[in-house]
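Before any comments, here is the structure.
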Amino acid sequence: MNTYSYRIDDIVYINLTNKCSNACEFCVRVTDSYKEYSLWLDNEPNVQEVINSLDKVDVDSAKEIVFCGYGEPTYKLDVMLELCDYFHSIGKKTRLNTNGQGSLIMGYNIAEKFKGKLDTVSISLNATDAKKYQALCHSEFGEKAFYALIDFAKECKKYVENVKFSIVDVIGEEEIAKAKEIADAVGVELRVRAFIE
Ligand code: SF4
């Protein structure tokens with residue numbers, strides 16, 4: 001069965017695709033399980049199928065809607081943007097969790113399309129230089145993926161109120177300090193989050 005939306009605490013997550021330009025060594029796609037959910041999709045949903053799936057997650061009481069799921073949501077850019085309008089129309093905040101490679105994936109600068117659609121963009125930084133990033137995340141774009149995600153953050157800042165980098169806490173204090181320098185240089189917040197096994 002396809003899980004197009006699921007809820008954890010007061011956040012509803014939207015799962016649009018299995019596709020991703022990375023193959024991160026820590027990705028939950030490898031085990032096909034996240035908490036009690038199987039997120040592998042047999043079919044990518046259209047807008048109406050996502051809306052239909054919301055019956056089960058009590059979207060009315062949710063604090064925020066997050067495009068996240070297994071894969072990289074920007075592969076389904078048009079569906080995501082249309083859903084942003086829907087969620088705004090019912091009074092919900094929207095967030096994109098992304099690997100920051102959406103403009104490489106789509107072949108043009110997608111950030112300008114986020115204006116008025118996304119309230120927050122959270123970009124996984126994952127490492128503090130291009131070589132380390134590629135060793136961990138194995139992007140199909142190679143080392144340029146790291147530079148692209150930094151540029152993407154700068155672009156998103158022009159159109160989205162809250163832009164942040166996120167990094168997992170297992171990388172150690174020295175790396176976290178370097179990540180903070182990168183975030184400061186771009187002018188975005190760094191969120192250090194717990195590693196989920
Ligand atoms: S970017 Fe996210 S979805 Fe893609 S492989 Fe890495 S952890 Fe998995």
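The values are calculated or read from the model by the stated rules, or taken from the named source; none is laboratory data. These numbers were taken from a predicted model, which means no experiment stands behind them. For neighbour counting, all protein chains shown are included, and Cβ atoms are generated from backbone atoms with ideal geometry for every residue, glycine included.
Identify all residues within the range 55-73 that are in a loop (DSSP other than H, G, I, E, B), crowded, with 19+ Cβ neighbours inside 10 Å and more than 9 Å from the ligand (Cβ to nearest atom); write none if there are none.
Once the filter is applied, which keeps residues that are in a loop (DSSP other than H, G, I, E, B), crowded, with 19+ Cβ neighbours inside 10 Å and more than 9 Å from the ligand (Cβ to nearest atom), the range 55-73 yields only 62.
Given the options 150, 167, 176, 182, name the one that is without any contact (Cβ under 8 Å) to a residue 24 or more places away in the chain and of a type in the set (A, V, I, L, M, F, W, C).
176
Restricting to the range 130-155, and then to whatever is part of a helix (DSSP H, G or I) and hydroxyl-bearing (Ser, Thr, Tyr), can you tell me which residue is farthest from residue 105 (Cα to Cα)?
That would be 133.
Out of all the residues in the range 38-47, is one or more assigned to a loop (DSSP other than H, G, I, E, B), among the small types (Gly, Ala, Ser), on the phi < 0 side of the Ramachandran plot and away from the ligand (no atom under 11 Å from the Cβ)?
Looking through the range 38-47, at least one residue is assigned to a loop (DSSP other than H, G, I, E, B), among the small types (Gly, Ala, Ser), on the phi < 0 side of the Ramachandran plot and away from the ligand (no atom under 11 Å from the Cβ).
Would you point out the residue of the range 7-54, among those that are under 17 Å from the mean Cα position of the chain (by Cα), aromatic (Phe, Trp, Tyr) and modelled with pLDDT under 95, that is surrounded by the most Cβ atoms within 10 Å (Cβ to Cβ)?
In this case the residue turns out to be 34.
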